[in-house]
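Here is the structure we will look at, set down as structure tokens.
Just so you know, all these numbers are worked out from the coordinates, no wet-lab data involved. Computed from a predicted structure; not experimentally measured. Every residue, glycine as well, gets a Cβ built from its backbone with ideal geometry; the counts of neighbours run over all protein chains shown.
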Amino acid sequence: MLRVHVLAAVVLAGSVVGCTDKAEPEYARCMDLEKRGELVLAARACEAAIRQDPHSKSGVAAAGRLKSMQPALDAQRAAERRAYDDSHPSDDGARAAKAAALKSKVRVKSWGAEPDAECSGKGLPPFRKSYEGGTFEEDELVAEADGCTHLFQRRGNMNDSVFCCPR
């Protein structure tokens, strides 16, 4: 009879250990970081909790918390991106000067006087043109200075020189 009680105690202890919520420490960390306003770190902690044990009480709660903090997290990231952009002025002047210098080197070929259906269909400027004669970067720089956008988002093939441009 004693053996049965000892065996039951061992099985019970093993099942209690098996029921621990592995996600709980990271979820608690997530909640603490969110209260302090550190949303990026809080999101990472919630993601870690979900990875630890997605079906546990804390894992499910972390998933809900992560979903509810997403709009605030997106807003914070956008504000940080704007602050970075404001503190690091672009070199548009230098790019424009370089593009102007390359205009004599890069040849522009129009694909026709009518708007291109593929360009228009993708919501890009309506006229298809090719920019050739320089390196890919030089062709691209001149095309972008002309207000053009890549028709195909590929590199390393013949489509690299095809752009959709305003008139």
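For a label point 7 angstrom out from the Cα of Arg167 toward its Cβ, which stretches of the range 116-134 have the backbone nitrogen within less than 14 Å?
Only 126-127 pass the distance filter.
Report, by chain and number, residues whose modeled amide H sits under 5 Å from the one on Gly133, excluding near sequence neighbours (fewer than 5 apart, same chain).
Counting only residues 5 or more places away or on other chains, the set is Arg107.
As an exercise, use a Förster radius of 45 Å and the Cβ-Cβ distance of Ala113 and Ala75 to find the FRET efficiency, rounded to the nearest 0.05. Could the numbers behind the result be given before it?
Details: r = 45 Å, r/R0 = 1.01.
So the FRET efficiency works out to roughly 0.50.
Determine ³J(HN,Hα), in whole Hz, for all residues of the range 131-143 in sequence, where each value follows from phi through the Karplus function 6.51 cos²θ - 1.76 cosθ + 1.60 and θ = phi - 60°; x replaces Gly and Pro.
10, 9, x, x, 5, 4, 4, 5, 4, 5, 4, 5, 4
Within the set of other residues whose C-beta is less than 13 Å from the C-beta of Leu73, count the net charge using Lys and Arg as +1 and Asp and Glu as -1. Don't skip to the end; give the middle numbers.
Values: positive: Arg44, Arg65, Lys67, Arg77, Arg81; negative: Glu34, Glu38, Glu47, Asp74, Glu80.
Residues near Leu73 contribute 0 overall.
Quickly work out the Phe152-to-Glu38 label distance, labels modelled 7 Å from Cα along the C-beta direction, and quote it in nm with one decimal.
Taking the two extended label points, one gets 4.8 nm.
To the nearest 0.05, how large is the calculated FRET efficiency for Arg82 and Ser120 if R₀ is 41 Å and r is the Cβ-Cβ distance?
Efficiency for this residue pair is about 0.85.
When a/c reaches 1.5 or more, the comparison of a/b and b/c decides; with that in mind, is the range 92-165 rounded, prolate or oblate per its Cα gyration tensor?
Numbers: a/c = 1.78, a/b = 1.59, b/c = 1.12.
In terms of gyration-tensor shape, prolate.
With contacts defined as alpha carbon pairs under 8 Å and 6 or more residues apart, what's the relative contact order of the range 92-165 in percent?
Numbers: 117 pairs, mean separation 22.9, N = 74.
Worked out over the range 92-165, it gives 31 percent.
Please identify every one of the GluC sites (Glu not before Pro) in the range 50-149 that sits in a loop by DSSP and has no more than 10 other beta carbons within 10 Å of its own beta carbon.
In loop regions of the range 50-149 (DSSP not H, G, I, E or B), there are no sparsely surrounded GluC sites (Glu not before Pro).
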